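Remarks on the structure that follows.
What follows draws every value from the coordinates through simple rules; no lab data is involved. It should be emphasised that the depicted structure is a prediction, and the values quoted were computed from it without experimental measurement. Neighbour counts run over all protein chains shown; Cβ positions are idealised from the backbone, glycine included.
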Amino acid sequence: MVGAVMATSAAAPAGRLFLITGPSGVGKGTLVAALLQRHPQIWLSISATTRAPRSGEVDAQHYFFLSREGFDATVAAGGLLEWAEFAGNAYGTPRQPVEQHLAEGRPVLLEIELEGARQVRRSFPAGFQIFVKPPSFEELERRIRGRGTDSEEAIARRLERARVELEAEAEFDAVLVNADLDQALLELEQLMGLGG
Ligand code: ADP
Ligand code: 5GP
């Protein structure tokens, strides 16, 4: 067990589980990519999903892209730490690599949706969970559309889900508003005890 981390500062976060959640399009992936570039000691979990790869996404790098049958078999074998349905697809966190990297003393980062975050809260109560929210709902919609990766139907489902997710911010250890990206990155680093 690693010592407790407070909401605003912390010792070097070795062997600690961090989780970032927030509505689709808020900028989680962008923030996480920038964070990992600056702090390569952090190990980012690669999720399994039944979603089709977006253009540019690589299997085993962005996700493990599975058939529904493959995903269900992984669940049945107890291979996922958590899993959830999101906007018509299943997503889940492979258990073994998370446990292995924590045991090795690496800070581990999960970037997952709300239902999965709730499951992880039960299995890792000492983990630190950060909710990322947009400056406004209109800006969230602009970002999802601006990303240009989702069909109209997928955008509608993600926005509908976002309204539910945005109600949940009070459950989290910290809330981060992603308005200005550089500022949000600095705040994220502070929350994770990574400097400044
Ligand atoms: P998520 O991983 O939460 O679904 P993404 O990281 O894919 O979100 O970001 C969605 C879109 O918003 C991308 O086009 C990204 O470049 C843009 N974006 C992310 N953060 C900001 C920000 N602070 N200001 C403006 N645009 C942003
Ligand atoms: P996307 O399709 O945009 O890559 O991801 C959709 C949503 O699924 C995002 O909110 C993302 O955080 C979430 N997600 C990604 N991987 C996992 C996972 O392993 N488990 C859960 N519960 N959600 C995930």
- Message: Taking 25 Å as R0, compute the FRET efficiency from the Cβ-Cβ separation of GLN183 and ARG147 and round it to 0.05.
- Response: 0.75
- Item | Lys, Arg +1 and Asp, Glu -1 on Cβ, resulting dipole of the range 17-191 about Cα centre, debye, nearest 20 | 180
- Item | Pairwise label distance in nanometres, VAL175 with ARG68, each label 7 Å out on the Cα-Cβ vector | 3.7
- Message: Take ARG163 and SER55, extend 7 Å from each Cα along the Cα→Cβ direction, and tell me the distance between the two endpoints in nm.
- Response: 3.1
- Task: Just need the Rg to Rh number for the range 17-191, please, alpha carbons only, Kirkwood Rh.
- Result: 0.93
- What length, rounded to one decimal in nm, is gained on full extension from ARG38 through to ALA126, with 0.36 nm per residue of separation minus their alpha-carbon distance? 29.2 nm
